[in-house]
Amino acid sequence: MDKNEFDEILVYAISNEVEAEEFYLEASEKLSEPFLKDLFLKLSKEEKRHQKILEGFRGKASVSFHFKEVPDYHVSEKVDRPKLSTSMKPADAFALAMKNEEDAMNHYKNLAAVVSDTELKKVFQELAAMEREHKLAMENAFVDVGYPEVW
C-alpha cells in the first residue's frame, strides 16, 4: 500500500466520521428530552474527536495505529433500528446509536474481507475495531437503561 492509498482510506473514514457527527448533531437538535439531547450532542463531539484522530494520520506513509480490541456481545444485532423521533425513549436512542455504530463496524469489516493487500486489510480491521468500541459503549448504555434489573 502506498502513501496515496493510505490517504484515500483516511479521507473516506474521515468522511464517515463527519457524516456520523452531523447525524448525531441533527438528532440532538430534534429531540425534546434534555438527557437525550445531551447524549446525542456528546456522541456528535465524540465523532468529531475521531475525525481529528484520523486527520492526524493524513499525509503520512502507512502508519500503524491500534485501536483497543473490545468484545462484541452482539446486542445490537438482536434489536430493531428505531426511528428518530422527538419523543423517543432513552433505550431507543441508545438502540439507534448502537445500530449506527454496528453499520459502520460491519462496513469496515466487509472492506477488510475483500481486499487482498495485507496492509489495507489491517487498516480496515483497525477502523472496524474503532467502531466496535463505539458500539460496545452504546450497547452497555442500552442494557443499563433498557434492563435496569441487571444492575
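Values in this text are rule-based calculations from the coordinates and carry no lab data. As the structure is a computational prediction, the values presented were derived from the model and not from experiment. Here Cβ is always computed from backbone atoms with ideal geometry, including for glycine, and neighbour counts include all displayed protein chains.
Longest exposed-loop-site-free stretch of the chain, with trypsin sites (Lys or Arg not before Pro), DSSP loop and at most 13 other Cβ within 10 Å? Display every interim value, and only then the final one.
Numbers: sites that count: Arg58, Lys60, Lys68, Lys83.
Counting only loop sites that pass the neighbour cut-off, the longest clear stretch is 84-151.
Please list 3J(HN,Hα) in residue order for segment 90-107, calculated via the Karplus relation 6.51 cos²θ - 1.76 cosθ + 1.60 where θ = phi - 60°; whole Hz, with x for glycine and proline.
x, 4, 5, 5, 5, 4, 4, 5, 5, 5, 4, 5, 4, 4, 5, 4, 5, 4
Cα to Cα, under 27 Å, and not fewer than 8 places away if on the same chain: which lysines meet these conditions relative to Lys122?
Lys3, Lys45, Lys48, Lys52, Lys60, Lys68, Lys99, Lys109, Lys135
Pairs of Cα atoms under 8 Å, at least six residues apart: use those to get the relative contact order of segment 1-108, whole percent.
Values: 88 pairs, mean separation 31.4, N = 108.
So the answer I get is 29 percent.
Counting other Cβ atoms within 10 Å, which GluC sites (Glu not before Pro) in segment 45-139 have at most 14 and lie in a DSSP loop? Intermediate values should be presented prior to the final figure.
Values: sites: Glu46, Glu47, Glu55, Glu69, Glu77, Glu101, Glu102, Glu119, Glu126, Glu131, Glu133, Glu139; in loops: Glu69.
Answer by residue number: Glu69.
Using the Karplus curve 6.51 cos²θ - 1.76 cosθ + 1.60 with θ = phi - 60°, work out ³J(HN,Hα) for each residue of segment 130-137 in order, rounded to whole Hz, and write x for Gly and Pro.
Taking θ as phi minus 60°, the curve returns 4, 5, 5, 4, 4, 4, 4, 4 Hz for segment 130-137.
So for the pair Glu22, Thr118, with labels modelled 7 Å out along Cα→Cβ, what separation do we get in nm?
3.8 nm
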